[in-house]
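A short reminder: the numbers here are calculations on the coordinates, not readings from a lab. Note that this is a predicted model, so its numbers are computed, not measured. We place every Cβ from the backbone using ideal geometry, glycine too, and count neighbours over all the protein chains shown.
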Amino acid sequence: MILAIAGGTGSGKTTVSRAMKEKYSTRFNINVEVISMDNYYKNEKNEVFDNYDHPKAFDMDLLYSDLSTFLSTGNIARRSYDYVTKESHIVNTQCEIHILILEGLYSFYEARIRDICSIKLFLDVHKDIRLKRRIKRDLRERDITLEENMKMIDNFVNEMHKKYVIQQKTMADKLFTQSEDVLALI
C-alpha cells in the first residue's frame, strides 16, 4: 500500500510522514518506510533547472518506476539527492515493506502516480506558517540564507504553489489545515 502526503513547502509533510512511520511500525508491528520526493530531483547532468518547486524538476519516471517495483516486490530503493553535485543515487534497498509513505510537493500530482496511491492526504497549512518553517529548515539543513530563500519564495515558490501544488487539494482523499491535526489522529 502507498500512502501519499502532499502539500506546500513547509506544510509538515516530512514531520507527519516520520510520525506515521513510527506509530504504524510500532502499533501494528509491520515494516513502514518513507520516501521523499526531495530525493527524486532530476540529475543536473541530464537536465538543467533552477526551480526546485516546479513539477518538471522531478524525475517522475524514476519515481513511478520505484513505486511500481515496490508494489510488485515489497522492496523500495532508498535514494538521496545531493544539492551540491545535483545528482541522486541509491543509498540502499529496503525490503519487505508493508506500507510505503510517499511525501513531497507533488506526491499525487501526476495521474499515473495518483492512481497507484491507496490513500492521499493534502496538508493545506496557512502560507505564513509554511514559509516560516521553510526558512528555518533551509537555514538548518540546506545552508540557504534568509536572503536567498526570500528571493526563491518571491521568484517562484509562491507561484508554483498557486499554479501546481494547490491543484492536489481536489485530488486528496482527506484535507488537513494543520499538520498537527494529522498527528492527533495517529
Taking strands (runs of 3 or more DSSP E) that fall entirely within region 67-177, which contain at least 3 residues that are within 30 Å of LYS45 (Cβ to Cβ), in contact with a Ser or Thr (Cβ under 8 Å, 6 or more places away or on another chain) and not aliphatic (A, V, I, L, M)?
76-82
Among the candidates LYS132, LYS86, residue that is surrounded by fewer than 20 Cβ atoms within 10 Å (Cβ to Cβ), more than 16 Å from the chain's Cα centre (by Cα) and more than 23 Å from LYS56 (Cβ to Cβ):
LYS132
Exactly one of (1) assigned to a strand (DSSP E or B); (2) without any contact (Cβ under 8 Å) to a residue 12 or more places away in the chain is unmet by ASP61. Its number?
(1)
Looking at LEU67 and the list (1) on the phi > 0 side of the Ramachandran plot; (2) buried (at least 17 other Cβ atoms within 10 Å of the Cβ), which single condition is not satisfied?
(1)
Those residues that are assigned to a strand (DSSP E or B), more than 30 Å from GLU148 (Cα to Cα) and not acidic (Asp, Glu), I need them from region 20-56; list them, please.
VAL32
